[in-house]
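Right, one structure below, let's go through it.
The values are calculated or read from the model by the stated rules, or taken from the named source; none is laboratory data. Given the structure is predicted, the values throughout are model-derived calculations rather than measurements. Every residue, glycine among them, receives a Cβ derived from its backbone with ideal geometry; neighbour counts consider all protein chains shown. Accessible surface is based on the protein model in full, side chains and every heavy atom, while ligands, DNA and RNA are left aside. Shrake-Rupley method; radii C 1.70, N 1.55, O 1.52, S 1.80 Å.
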Amino acid sequence: MRFLPRLGLLAALAITAFLSWRLLQTPAHSQGDDLAPKAKKGFTLPLDTFLHVQQIRKRRLRTFCSRTGKVTTLLSSQVKRASLLPSLRVNTKLDLLYCQVPSTGVEEWQQLLQKLEEANVTLPVPVPYRRLHAKETQLSKFKQTEIKAMLGSYTKVLFIRDPFHRLIATFLRGMGSSPSFSSFIQEVLDSEMHSGSMAWKPLVSLCQPCLIQYDYVVMFGFLRQELDHLLQRAGLPAGSLLPELTDSQVQQTYRWLSEQLFSELSAQQKKQLSHFYRGDLAAFLFPSSFLSEHPITA
C-alpha cells in the first residue's frame, strides 16, 4: 500500500469492521503485551492479574519519571500546574478524574459515566469532604482549593494506547488536511514545532503522569475487563451498564494497518516519530508498536 486516500468516517468504519472479521479468522501474532492471556472473545481478567498489571505499569511509569527528573511531590506545585492542563476532566458526582485523550477509549468511558449518572448510581460510602456536584467537567475551571481536594481524593484514571495506532485512528477519522498517510504524518511532525493537536500529542505531555499520581493506567485492547474491576474497586459496580466495546477486536486490524502504513513512511519520518513519542514509549509498555519494534537511533 503505497498510497492511502483520505477515508470518510463511514467508509473507515466499514473497512475496519471487514478487516477485523478477516483477521480474526487467522491465528493472532504474539504481541508481547503486559496482559496474559491475550484479550479475545470470552476473555476473563482475574482481579489479582488486573492488580498485578497495574503495579507493573505504575512501576514502569515511576521509573520513567525518576530517570527524567520530572517527579513532582509538592502538592501546591501539582495544583498550580494541573490547573493549566485542559485535557484533565472530572466527574464530581462520581469522584473521578481522568485525562481526555482521543482514540484511547476515553470516548467509551465518557458514555459509561453518562449512563451511571442517568441510572443515579452514587458512591455507597460517605466521603469525608464536601462533594461539589458541578456540571463543569474541565479541571482547570475549578478553584485551586477545589483542584487540591480533587487531586487528593478522586479516583484518577489514565487511558493509554500505542501511539502509532492513535495516529492511524486519527487519520481514519479524517482529522488533519492531508490526503495520504505519509503527508498526514508530516503534518503531525511539523506541528511539533507549535502546540500540536490533542489527537496526536504525546500522552506524557497531555496527561502529565509524573505530575498527576494516577490510580489506574488502563490500556486500549482490554477496556471492558479493566474498567469493570476499576469501577468495582471505586465503589461503582457498572455491570450491565458497560457499553459495547470493540477495542480488543480491532487490535489485529490495527496491527495489519501498521505494517502497511509504516512502510509508506520515509526513514527520516520514522526517526522523527520515534523521537516525537520517545516519552510515551519509555513511560508505557508498547512492545507491539512499530515505533518500538523499529527503533531509530540518532
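Numbers for the structure displayed
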{"item": "In segment 34-57, the residues that are open to solvent by less than 70 Å² (accessible area, probe 1.4 Å), among the charged types (D, E, K, R) and at pLDDT 70 or above", "result": "R57"}
{"item": "Of residues in segment 192-219 being of a type in the set (S, T, Y) and open to solvent by 20 Å² or more (accessible area, probe 1.4 Å), the one modelled with the lowest pLDDT", "result": "S195"}
{"item": "Cβ-Cβ under 9 Å pairs, at least 6 apart or on other chains, segment 135-146 side of a type in the set (G, A, S), far side in a loop (DSSP other than H, G, I, E, B) and modelled with pLDDT under 85", "result": "S140/S83; S140/L84; S140/L85"}
{"item": "Selected residue [among the hydrophobic types (A, V, I, L, M, F, W, C), touching a Ser or Thr at 6+ places or on another chain (Cβ under 6 Å) and open to solvent by 20 Å² or more (accessible area, probe 1.4 Å)] from L281, L241", "result": "L281"}
{"item": "Some residue of segment 221-230 being surrounded by 21 or more Cβ atoms within 10 Å (Cβ to Cβ), more than 30 Å from N120 (Cβ to Cβ) and in contact with a helix residue (DSSP H, G or I) (Cβ under 9 Å, 6 or more places away or on another chain)", "result": "yes"}
{"item": "Residues satisfying the stated conditions in segment 255-264, i.e. part of a helix (DSSP H, G or I) and open to solvent by 20 Å² or more (accessible area, probe 1.4 Å)", "result": "R255, W256, E259, Q260"}
{"item": "Residues that are modelled with pLDDT of 75 or more and hydrophobic (A, V, I, L, M, F, W, C), drawn from segment 58-97", "result": "L61, F64, C65, V79, L84, L85, L88, V90, L94, L96, L97"}
{"item": "Selected residue (criterion: farthest from G221 (Cα to Cα)) from residues of segment 159-177 that are out of contact with any helix residue (DSSP H, G or I) (no Cβ under 7 Å at 6 or more places or on another chain) and crowded, with 24+ Cβ neighbours inside 10 Å", "result": "R166"}
{"item": "One residue from L241, L281, L223 being at pLDDT 90 or above and under 20 Å from G105 (Cα atoms)", "result": "L281"}
{"item": "Subset of segment 104-123 that is open to solvent by less than 40 Å² (accessible area, probe 1.4 Å) and in a loop (DSSP other than H, G, I, E, B) - its residue that is modelled with the highest pLDDT", "result": "T104"}
